[in-house]
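In what follows, a structure is listed as structure tokens, so that the remarks can point back to it.
The values are calculated or read from the model by the stated rules, or taken from the named source; none is laboratory data. Just so it is clear, the model here is predicted, and its values are computed rather than measured. Heads up, the Cβs are rebuilt from the backbone with ideal geometry, glycines too, and the neighbour counts pull from every protein chain shown. Remember, those area values only see protein heavy atoms, side chains included, never the ligands or the DNA or RNA. Shrake-Rupley method; radii C 1.70, N 1.55, O 1.52, S 1.80 Å.
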Amino acid sequence: EDHGLSTSNRNEIIRSVLRRTKLTESSDRWPRELSGGMKQRVGIARALAVNPSALLMDEPLSALDSQTSEILLSDLIELWAKQHFTSVYITHNLSEAIRIGHKIIVMSRRPGEIRESVNIETDIMDRKCNTGSN
């Protein structure tokens, strides 16, 4: 509404982000009825709805159990493969960083300084195809 979009444009954006984040079937649920993973997807959907030039994700999977975290990580990889967008993904989980990163910046403790920068040469499409085997 703040952007002056018509109701039909707003509804199309909502349908699109719900589809991309696999929340279409849960669109009529109240927040209290959503699982932790679904709530994380809602946050991602809300961010994608405004078509950002960059998305900052600060430990988006840290509060989830390992099974839900794995599912959502695979879904994120699939989403990045379908819709390319820049994301800064902050994590303490090295395997997560290696699995999804193109460039990994290793920080020191305090004060937070860059210790190392590592480029990962794996194509994201290869990662999408391999998500079931990890």
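Summary of computed values
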item: Filter result for Asp75 (charged (D, E, K, R), under 28 Å from Met107 (Cβ atoms), out of contact with any Phe, Trp or Tyr (no Cβ under 8 Å at 6 or more places or on another chain) and surrounded by 13 or more Cβ atoms within 10 Å (Cβ to Cβ)); result: yes
item: Of all residues making up the range 96-112, the number that are open to solvent by less than 80 Å² (accessible area, probe 1.4 Å) and part of a helix (DSSP H, G or I); result: 4
item: Test: residue in the range 75-83 that is under 19 Å from Ile14 (Cα atoms), touching a residue at least 60 places away in the same chain (Cβ under 8 Å) and not in a loop (DSSP other than H, G, I, E, B); result: yes
item: Filtered residue count, the range 17-64, keeping only those that are open to solvent by less than 80 Å² (accessible area, probe 1.4 Å), among the aliphatic types (A, V, I, L, M) and in contact with a Gly (Cβ under 8 Å, 6 or more places away or on another chain); result: 1
